[in-house]
Structures are given as C-alpha cells and as structure tokens.
1. At q = 0.09, 0.11, 0.17 Å⁻¹, what base-10 log of I(q)/I(0) does the Debye formula yield for the stretch 73-200 when every alpha carbon is treated as an equal point scatterer in vacuo?
2. Using the Cα centre of the stretch 193-248 as origin and beta-carbon charges of +1 (Lys, Arg) and -1 (Asp, Glu), tell me which of THR209, LEU244, SER233 is placed farthest towards the positive end of the dipole.
3. Per residue of the stretch 393-403, what does 6.51 cos²θ - 1.76 cosθ + 1.60 with θ = phi - 60° give for ³J(HN,Hα)? Whole Hz please, x for Gly and Pro, Karplus curve as stated.
4. Fewest first, what order do VAL340, VAL500 take by the number of other Cβ atoms within 10 Å?
5. Given the options LEU156, LEU168, VAL107, identify the residue whose Cα lies farthest towards the positive end of the charge dipole of the stretch 100-215 (+1 on Cβ of Lys, Arg; -1 on Cβ of Asp, Glu).
6. Just order 401-410, 186-195 by mean Cβ neighbour count inside 10 Å, highest at the front, would you?
7. Under 5 Å between amide H atoms, partner at least 5 residues away or on a different chain: which partners does VAL395 have, H built in plane at 1.01 Å?
8. Give the residue from ASN440, PRO410, PHE428 lying farthest towards the positive end of the charge dipole for the stretch 404-448; charges sit on Cβ (+1 for Lys and Arg, -1 for Asp and Glu) and the dipole is referred to the Cα centre.
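No value in this document is a laboratory result; all are computed from the given coordinates. This structure is a prediction, so every number in the text was calculated from the model and none was measured. Note that each Cβ is placed from the backbone with ideal geometry, even for glycine, and that neighbours are counted across all protein chains shown.
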Amino acid sequence: MQTLANISSLSSSSSISQMLMMLLPFCFVFLWSVHVLFLQWYSRRKGRRLPPGSLGWPYIGETLRLYAEDPNAFFANRQKRHGDIFKSHVLGCPCVMVSSPEAARVVLVTRAHMFKPTYPLSKERMIGPNALFFHQGAYHSRLKRLVQASFVPSALKGSVSEIEQIILNFLPSWKDNCTINTLQEMKMYAFDVAILTAFGERMEREMETRIKQLYQRLEKGYNSMPLDLPGTSFHKAMKARKLLNETLRRLIDERRREDDGSGHGGTKVASRLGRGGLLEVLMGASNVNDKGHKVHQQLSDMQIADNIIGVIFAAHDTTASALTWALKYLHDNPEILCAVTREQEGIRRKMDESGRRGLTWEDTRQMPLTNRVIQETLRAASILSFTFREAVEDVEFEGYFIPKGWKILPLFRRIHHREDFFPNPDKFDPSRFEVPPRPNAFMPFGNGVHSCPGSELAKLEMLVLLHHLTLTYRWEVVGDGDGIQYGPFPVPKQGLPIRVIPRDDKSSRSFY
Ligand code: HEM
C-alpha cells in the first residue's frame, strides 16, 4: 500500500511538474510582455519615452539576429532605421546603443557617474574583482593615477630598447618563405611586452615562465561558458587563476624582502617603470602628503595581483589584434607600405650616420606617416567595437528615458565608420589624419575616466614593430584574406596566415 501510494503520489507529482514545465515558457513570455508593457506605460506616464527600436523576443531579445547578421551590419541597419540612439535587447540585457560622438561623450565623460562600467561576473572572477575597470569613485581614481603614470611617455622612454630587444629576439626566426599566423606571432610579442611592463627587468626567467604558463591557461577560459565544473575550460581557468594569485604573492614577498631598507615607497613612478615594472609601482603605492603623512593604505596583495592580471589582459590581445590589422592593411595597400618603408629607411639612415644602434624614443617621434597608418588602422579596425555601461538610476538621456539597470553601449565602430566624419569610411586612407579628426569622433582608446591608460604603450609597440618589419620583410597573405572573426576582438579570418619573404635589399635590413 505504502509503495502504491508512493508511486501514485510520485506519478501525480511528476505529471504536475511536467505540466509546470510546459507552462513555464508561456509564463515567461507573459511576464516578459507585462514587464515591457509596464516600462512603456511607466515611461509614458512620466512624460518620458524609451528610445526607438525593438526589444525582440523575450529573454533572447535580438541576440540571435546579432550573431546571424554580423555585428557591424546589425548596428548599421538599426542606426539607419532608428537614428543615433536606439534600443535593443542582446545577451540577456535591455540595451541602448549610441552612435553619435556627442551622446557617447555624455555617457563616457560628462555624466560618467550615472553610467557605471559593467562586465559579466565570470570575467570579473577570472581577472580579479579588484581590477580597476570594475570600479568607480575613489578606488578607481587612485589606481587609474598609478597605472596611467606608469605608461605616460616619460615613463615609457626608457623602455624602447627593451621592447626593441623583444622584436629582435623573435623576428629573425621567421625563415625565408615560411608561413606564420600573424595573430599568434603578434600575441606572443604583445604578451612579452605586457610582461615586461608589468614586472620590469627584474623578473627571473623561472618565475617569468611560470607566470606565462599560468596566464596562458587562464586565457583559454576567457571566452568559455562560465560553467565551473571539473573538466570545463572555465574551471581550468579558475584553477590557473588561483595558482597565479599564489605565484604573484610569492613574487611580491620576494620583492618586499629585496627592497627592505632600500627606501622604496611613495609614488615616484616614472623613473622606475623599467626596473620593477608596474608591480613595483603598485607595491610602493602608499601615498604620502606634503606633511609626510600617509594618505592611503598600501594596496593589499590581492589588489596588486588583480590589477597586474587586469593590465596584462587589457594590454595584450588588443595590441596584437591592432598589429594584425596593420599588416593586413599594409599588404592590401602596397603604395602605403612602400611610403612607410621609405620613412623607416630615413630613420635607419640617420641612425647609421650618427653611428647609433637601436631605436630611441626620439626616433619614434619622427615617424609621422607610420603614426597615421596606426591611427587609420585603429579607426578602420576599431578593436573595441563598443563598450558597456549600466544606468545606475533612471536617467533622462538626450530626450529619452533610460530605466535603471539598462545597459548603454557607445558604438565606437559605428562612430568611426560614419560617412559624415570619415568620408569613404571603408577605404584605408591614413592621409585623412593629416588634419585632426572631429572632436570626440575618434575614440580607439575610449574617452573619459575609463579611457585607456595604455594608449602610448600600444602605439609605441606598433611603431617599433613596424620599423623592423617593413625594413626586413615583405609578406603575402595566404588564402583569400577576407572576412573578420571575433575572439573577442575583431581580427582578419584565421588570424591572417602570411608567407614572409626577406626583403631583397639586404643593406636596409634592420637586424644589427
Ligand atoms: C591597440 C591597443 C589597445 C586598444 C585599442 C585599447 C582600447 C581600450 C579602450 C577602448 C578602453 C576603454 C574601455 C571602456 O571605456 O570601457 C581601454 C581601457 C583600458 N586599457 Fe586599453 N587598449 C589598448 C591597449 C592597452 C594597453 C597596452 C594597456 C596596458 C597598459 C591597456 C590597459 C587598459 C586598462 C587598464 C583599461 C581600463 C581603464 C579604466 O577602466 O579606467 N590597454 N582600452
């Protein structure tokens, strides 16, 4: 009896749960529709209107269309239909997309306090919750000042020869006629530079190898499903992140012991970047005021570690993607490649005449055309197609109502490809930068409080690499070379496989 009763109660409870399962999607659609109708009613009642556009299907919104259409076409089509500010619903969030420089400036600069940066929780866990880009207010300002001061020209000047040395260690390994994957090579280069700037020249080889290996394991989880179960990429990445914390703590302890009594501490940043890197700057960051009083506590080991990982993360794929595009554009525009080579030969000649070996910071300031090629690469490729912010409260924005919690996406790529600011926007034309771009229309490194502190380093890395590359090699794209893939930054399909050929003119080669 007991058993029968159990079975019947089980079967009735299972049919109820089946029914519930069947009803669930309907409930969901119903609740979603009520939510959307409520928002529309609420905004109308208050005399406010939501931006034009469609929120698409419940929950999935327009996410499938975003993937099916390719992001550029998705945003461009909606901008044409609805104007510079429109709403959508992608990746589980209602969003407002912004593609006018003025409106983007409001979000990023003038009313930045109303729009906080927002990232998926899984990213925050992988990079570390204390990294500056997840924060606003006093903690963010303090860290931003430290990181920014580490990458201003006066701090970078002394790093030119180390950056150059990294190139001279790997470029000659490209054999005549060998095929390389541009993105992979550029990633290795940008990673080595990121490690150099993060840890300085003091890094021991063994420790460097350990950190690199762990970081590479972590990196494999960045674009994975955030499923923390044994065997998943995310789980492996989180394990690597824990080990990275332990390794960085050990390194911090070692450096503290070495520096004991050396008088380090305070915020003399610029002169020290080369030796101990950003790590040393963050370790010494207990600010002292005019009266000799500490105005800030030292950063904790966790805060230091999260920001070191954060900077490596921000520095390396971005710069590698930009360099990969630069090689693609130069390949597709041989007359521009020729002109850049002539400019670099001029630099080389001056070095020879003065009996110098190795580039200096001043040399990198004498490369106007190469600089314009970099600017045009950053515009045309728009490495960060957009960024995410979230309204911290109900906001009145350019005549529209944006409810608290909605995401706002300044669309850098759309702005960089507007015909009215950049005529013939799909043409790669560095000469357009002979005159300064319209204010706020060119934002490859963002704008406002969260703008990129590494912009000067990224440009320096690109200049030094293009100097040696154009003097030494020519390259042919293998395959059709067209198409874009996102991983997560846009790069030419398959990472741009190229066949490299040493230049005929051996006298102008750049290897010393
Ligand atoms: C071509 C290469 C690069 C591009 C295109 C780029 C682009 C950007 C952009 C657009 C932002 C602003 C994001 C936002 O507003 O949400 C940003 C932020 C940031 N970038 Fe870069 N970046 C590059 C290289 C670097 C390098 C080399 C570093 C290393 C120092 C770096 C470190 C950072 C950091 C730490 C932030 C966060 C700043 C904050 O939240 O206050 N980036 N980057």
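1. -0.49, -0.71, -1.10
2. With unit charges placed on the Cβ atoms, the residue in question is SER233.
3. 8, 4, 10, 8, 9, 6, x, 10, 9, 10, x
4. VAL500, VAL340
5. Going by the Cα projections, it comes out as VAL107.
6. Taking the mean over residues of other Cβ atoms within 10 Å, the ranking is 186-195, 401-410.
7. Residues meeting the criterion, in which the H sits 1.01 Å from N, are ILE402, LYS404.
8. Farthest along the dipole direction, towards plus: PRO410.
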